[in-house]
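The block underneath contains the structure these notes are about, expressed in structure tokens.
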Amino acid sequence: MKKNKKVSLTRKLSNHIKEHKKLFAIYVVLRILVVETMIFQFFNGNYENVFLCLLTLFLFTIPSFIEVNFHIDVPDTLEVIVLLFIFSAEILGEIREYYIAFPFWDTMLHTINGFLAAAIGFSLVDLLNRHDKFSFKLSPIYLAICAFCFSMTIGVLWEFFEFGMDFLFKTDMQKDTVLNCISTVSLHPNGKNIPIIIDNIKSVTINGKDLGLSGYLDIGLIDTMKDLFVNFIGAIVFSFIGYFYIKKRGEGKVAKRFIPKYMDIEEDVDSENT
């Protein structure tokens, strides 16, 4: 029985590769780049980065694992974007330090994350909505709201994670922002709830040492709110796409590239037998 299962799984993977040659080529190239990076980081003693590379290789397998084991067809466009997103976040962003070199990098990825999370949330509900065992039928607007809420929840949970890492382990996942103007009630001389505005800040001194930042150092609040805002934009965009996809009974070239669906079981069986 175990041999048959292994043969069946091998056939499924082989058929999957034949049907998606371009996707497989991208997958192989990205894996090679990650392995090269991991070897380089290992010999340089950056073992934390080696772990990030191993995590990246594991995350790369998730879309194919879902297709093979759950009979869910993940569109090639969605799968390619997911793979590139993982590579851009872990390898380019963290190890190659693109987050520091390119200020827009984090914003771009959070926007894409909002879009992808909404697509995944929409797909989860849509798959249940189409399943034979479930009798309920949800309206397009409800599916769109579910997708939006799912995406925003993922965004908030990620910001919780970033805050937790910064607070507990003294990392800097919530990148700081240099400001030239602040408003705070903490500096009111009489302790009243009236904000005191300090404008034209040129320098900040801590323990007698000038930080050399030419402004006040915000500790991650602006970064967090910016990330949530662009996540909001990505979620809104896909929620509209998903709404019209359901409204028009599955029409729409853009939506079809991002919404997984159940595989035809008969086709899947035939592919195993060939």
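The values are calculated or read from the model by the stated rules, or taken from the named source; none is laboratory data. All values derive from a computational prediction rather than experimental measurement. Virtual Cβ from ideal backbone geometry, glycine too; neighbours counted across all protein chains shown. Heads up: the accessible areas ignore ligands, DNA and RNA and are worked out on the full protein's heavy atoms, side chains in. Shrake-Rupley method; radii C 1.70, N 1.55, O 1.52, S 1.80 Å.
If you roll a 1.4 Å probe over the heavy atoms of the protein chains, what accessible area per residue do you get for the chain, in Å²? Don't skip to the answer; put the middle values down first.
Details: 17680 Å² over 274 residues.
Per-residue value: 65 Å².
What does the highest-first list of 82-90, 191-199, 58-66 look like by mean Cβ count within 10 Å?
With the highest mean Cβ count within 10 Å placed first, the list reads 82-90, 58-66, 191-199.
Need one number: nm distance between label points at Phe43 and Ile26, each 7 Å from Cα along Cα→Cβ, rounded to one decimal.
Taking the simple label geometry, Phe43 and Ile26 are separated by 3.1 nm.
Which distance in nm do the two modelled labels at His188 and Phe161 give, with both placed 7 Å along the Cα-to-Cβ direction?
3.9 nm
At R0 = 22 Å, how high is the FRET efficiency between Leu54 and Lys253 if r is their beta carbon distance? Nearest 0.05 is fine.
0.05
Going by average Cβ neighbours within 10 Å, how do the peptides 153-163, 176-186, 228-238 rank, with the highest at the top?
Answer by packing, highest mean first, reads 228-238, 153-163, 176-186.
Between Glu19 and Glu36, what length in nm is gained on full extension when 0.36 nm per residue of separation is reduced by their alpha carbon distance?
Values: separation 17, 0.36 × 17 = 6.12 nm, distance 2.75 nm.
The Glu19-Glu36 span can extend by a further 3.4 nm.
Working from Cα positions, state the angle (0 to 90°, nearest 10) between the long axis of helix 47-60 and the longest principal axis of the chain.
40 degrees
Rounding to the nearest 10 and keeping the result within 0 to 90°, find how far the Cα-based axis of helix 76-86 lies from the longest principal axis of the chain.
The helix 76-86 is inclined about 40 degrees to the chain.
So, in nm, how far is label Phe229 from label Cys149 when the simple model puts each one 7 Å beyond its Cα toward the Cβ?
So the two model labels end up 2.6 nm from each other.
Leaving out ligands, DNA and RNA, what percent of the accessible area of the chain is carbon and sulfur, probe 1.4 Å?
66 percent
For the chain, find the longest principal axis of its Cα atoms and tell me its angle to the long axis of helix 140-169, 0 to 90°, nearest 10.
Tilt of helix 140-169: around 50 degrees.
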